[in-house]
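Enquirer: Below you'll find the structure I mean.
The values are calculated or read from the model by the stated rules, or taken from the named source; none is laboratory data. As the structure is a computational prediction, the values presented were derived from the model and not from experiment. Glycine also receives a Cβ, built like all others from the backbone with ideal geometry; neighbour counts cover every protein chain displayed.
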Ligand code: UDP
Ligand code: MN
């Protein structure tokens, strides 16, 4: 039974995110492999760094919703850059894994979250913009060529209502809202910042339980060190930059072995 974390970087900027995510995963003491999908737009030097640090790197073709007839949907969310996130669909082709967790390159793991691999296929956390929808930055799934082909078909026929992967995946897994509760990941596995008035007090009460932080929106920690003043960002940007500056991922903790570990 093989399991892995999977992320995606189509260019050098997002690759910085992916490398920082990798450092954070190693610091969390995960026992699972970490696999990065990249495209040919990643420069040779960065690709080499990714290949040295990730357990696996796979080069995939860019799949951009701008190439389909649905690009106008992206303008609704003000992120014309997100058409390329259709490339994420390639993760369903990694059938060497029976269970996988996809993490956006703008996420960071701040506490061990390996228990996510016990969740059923398909699991995700609610989106804060529309909580009956899931956010597609963190999801648990089982790679499958049948699902990959169905998603590709949907992408080129119906398209995505937001122009990015999140609209498409919510269309495909449209029963997510009504699935048994195990499929609904707690918010601490995909913690995003919010503007809504109830957010600040909830963050103060529950923020410390966060396991995976997700820096949604156009501003990313790799293109700014200053934040909009929100408590979550001021705390987590700093942490992201310290993970980012680690040149070498901390060594994985070997499993405790009583016969070889001298007792203090
Ligand atoms: N992504 C990428 N290159 C891009 C845009 C997106 O590799 O130019 C990947 C990356 O893994 C990223 C994910 O697609 O984390 C989703 O995009 P983003 O995180 O920017 O969307 P948001 O979470 O802000 O909605
Ligand atoms: Mn994201």
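Enquirer: Cβ-Cβ under 6 Å, sequence separation 6+ or interchain: first residue in segment 97-123 and within 20 Å of residue 209 (Cα to Cα) and modelled with pLDDT of 95 or more, partner more than 14 Å from ligand 1 (Cβ to nearest atom) and assigned to a strand (DSSP E or B). Which pairs?
Expert: Correct list of pairs: 101/140; 116/140; 117/3; 117/99; 119/140; 123/140; 123/185.
Enquirer: Collect the residues in segment 100-124 that are over 21 Å from residue 22 (Cβ atoms) and within 16 Å of ligand 2 (Cβ to nearest atom), keeping them in residue-number order.
Expert: Selection gives 124 alone.
Enquirer: Being under 29 Å from residue 82 (Cβ atoms), more than 16 Å from the chain's Cα centre (by Cα) and modelled with pLDDT of 90 or more narrows it down to one of 202, 218, so name that one.
Expert: Unique residue meeting the criteria: 202.
Enquirer: While we're on this one: Which of (1) within 22 Å of residue 101 (Cβ to Cβ); (2) crowded, with 19+ Cβ neighbours inside 10 Å is the odd one out, the single condition residue 179 does not satisfy?
Expert: In the conditions (1) within 22 Å of residue 101 (Cβ to Cβ); (2) crowded, with 19+ Cβ neighbours inside 10 Å, residue 179 misses (2) alone.
Enquirer: Please tell me if residue 217 is in contact with a strand residue (DSSP E or B) (Cβ under 8 Å, 6 or more places away or on another chain), free of Cβ contacts under 8 Å to residues at least 40 places away in the same chain and surrounded by fewer than 19 Cβ atoms within 10 Å (Cβ to Cβ).
Expert: Against the criterion (in contact with a strand residue (DSSP E or B) (Cβ under 8 Å, 6 or more places away or on another chain), free of Cβ contacts under 8 Å to residues at least 40 places away in the same chain and surrounded by fewer than 19 Cβ atoms within 10 Å (Cβ to Cβ)), residue 217 does not qualify.
Enquirer: May I pose another question? Go through (1) part of a loop (DSSP other than H, G, I, E, B); (2) under 22 Å from residue 83 (Cβ atoms); (3) without any contact (Cβ under 8 Å) to a residue 40 or more places away in the chain; (4) in contact with a helix residue (DSSP H, G or I) (Cβ under 9 Å, 6 or more places away or on another chain) and name the single condition residue 154 misses.
Expert: Only one criterion in (1) part of a loop (DSSP other than H, G, I, E, B); (2) under 22 Å from residue 83 (Cβ atoms); (3) without any contact (Cβ under 8 Å) to a residue 40 or more places away in the chain; (4) in contact with a helix residue (DSSP H, G or I) (Cβ under 9 Å, 6 or more places away or on another chain) is unmet by residue 154, namely (1).
Condition check ((1) in a helix (DSSP H, G or I); (2) in contact with a helix residue (DSSP H, G or I) (Cβ under 8 Å, 6 or more places away or on another chain); (3) more than 23 Å from residue 73 (Cα to Cα)) across all residues:
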| residue | (1), (2), (3) |
| --- | --- |
| 159 | no, yes, no |
| 168 | yes, yes, no |
| 182 | yes, no, yes |
| 204 | yes, yes, yes |
| 219 | no, no, no |
